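Novice: Would you mind keeping the following structure in view while I ask a few things?
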Amino acid sequence: MGIDDNPADYVARQRLDGKLCAVVGAGNGIGRETAIALRQAGADVVCLDIDEAKAGAVAAEVGGRAMTVDATQRSEVDDAVECMVEAYGRLDAVVDIVGASFGSSLLEIDEDLIRRNFDLNLFQAMHVTRAAAAAMAKTGGGTIVLIGSSAGLSSLPNQIVYGSAKAALHHFVRCAASELGHLGVRVNAVAPGYVRTERMVARFDIEQWDELSSNIPLQRAGELAEIAGAALFLTQELSSFITGHVLVADGGMLNPPRVLRASSSRQIAGRLSNN
């Protein structure tokens, strides 16, 4: 096989014109920002959320379609994917933002807390990936982006169950990529650090944000657009040879040997609630 001397069209590889992209958990925060990013790149966007009103509002904002779905329910996910394929004839990309942290120490966890963490942070992603991959395989492939967490890469106080679920999600990404690659389906994840989501902003005061920022090499928390931008990249042809990868977007927080100071780590992690 020879080498193609013709340069690639890198601008074209950023475009998603003619592609159908679904955002699960599109109703607010990173999900809404991702829907906007995909639309600006030219994609047709379906906004899925458990909250019908929120899904509708974002869909109207991006000129897309809204669907109501509880991603923890396999049957609802299957129905949503089937509906999208019937309406558009294909499904090219899915970005799944759904996830939440219910913090607790090891000695205080109970079965309900374990179930809630794993339902929202692992099991629903497995439902979405399975259904989406099956649909994508029929039309030549596609890309799936899941949202992990820095908590799945490092030990944070009171995040033992959440972190375990996200660590399992990261492993699932690698396994799914290996299984689905021959079908043309790529599977990757973005693992955010501390990001200024609506819920996080509501939980931290100015002093706490300053303390958090001092423990991050970039000296600040992340913004919604920075996580949405990473997810966008993983849906584009620019990332066409990347699969099974967990892209860490944490401002360098987990870079060794720098670590969170113990006092601020406990204070911050106790308030961590969502991606």
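No value in this document is a laboratory result; all are computed from the given coordinates. All of these numbers come straight from a predicted model, not from anything done at the bench. Positions of Cβ are generated from backbone atoms using ideal geometry, with glycine treated the same way; all protein chains shown enter the neighbour counts.
Novice: So, counting K/R as plus one and D/E as minus one, what does the shell of residues with Cβ under 12 Å around Gly184 add up to?
Specialist: +1
Novice: For a quick check of your reading of the filter: which trypsin sites (Lys or Arg not before Pro) in the stretch 152-219 sit in a DSSP loop and have no more than 16 other Cβ atoms within 10 Å? It would help to have the intermediate numbers written out before the result.
Specialist: Values: sites: Lys166, Arg174, Arg186, Arg196, Arg199, Arg203; in loops: Arg196.
In loop regions of the stretch 152-219 (DSSP not H, G, I, E or B), the sparsely surrounded trypsin sites (Lys or Arg not before Pro) are Arg196.
Novice: Give the residue from Val62, Phe172, Ile144 lying farthest towards the positive end of the charge dipole for the chain; charges sit on Cβ (+1 for Lys and Arg, -1 for Asp and Glu) and the dipole is referred to the Cα centre.
Specialist: So the residue furthest toward the plus end is Phe172.
Novice: Got a sec? Charge dipole of the chain, +1 on Cβ for Lys and Arg, -1 for Asp and Glu; which of Leu224, Gln208, Gly89 is way out at the positive end?
Specialist: Gln208
Novice: Mean-square fluctuation check for the chain, GNM, Cα pairs under 10 Å: which of Gly222, Gly63, Gly18 is largest?
Specialist: Checking each option, the largest mean-square fluctuation is seen for Gly18.
Novice: Let me ask something else. What net charge do the residues around Glu226 carry, taking every other residue with its C-beta under 12 Å from that of Glu226, with Lys and Arg at +1 and Asp and Glu at -1?
Specialist: Details: positive: Arg196, Arg220; negative: Glu33, Glu223, Asp250.
The answer is -1.
Novice: On to the next question. Please report, in debye to the nearest 20, how large the charge dipole of the chain is about its Cα centre when each Lys and Arg carries +1 at its beta carbon and each Asp and Glu carries -1 there. Please list the in-between numbers first.
Specialist: Numbers: 24 positive and 33 negative charges, 106 e Å.
For the chain, the charge dipole is close to 500 debye.
Novice: When the Karplus curve 6.51 cos²θ - 1.76 cosθ + 1.60 is applied with θ = phi - 60°, which whole-Hz ³J(HN,Hα) does each residue of the stretch 21-35 get, with x for Gly and Pro?
Specialist: Ordered by residue, 3J(HN,Hα) equals 10, 10, 10, 9, x, 7, x, 6, x, 4, x, 4, 5, 5, 4 Hz.
Novice: With θ taken as phi - 60° and the coefficients 6.51, -1.76 and 1.60, list the Karplus ³J(HN,Hα) couplings across the stretch 231-245 in order, rounded to whole Hz; mark glycine and proline as x.
Specialist: Per residue, the Karplus-derived 3J(HN,Hα) values read 5, 4, 4, 6, 9, 8, 5, 4, 10, 5, 10, 10, 8, x, 10 Hz.
Novice: Let me ask something else. Enumerate the calculated ³J(HN,Hα) couplings along the stretch 153-160 in order (Karplus 6.51 cos²θ - 1.76 cosθ + 1.60, θ = phi - 60°), each rounded to whole Hz, writing x wherever the residue is Gly or Pro.
Specialist: 10, 8, 7, 10, x, 6, 10, 5
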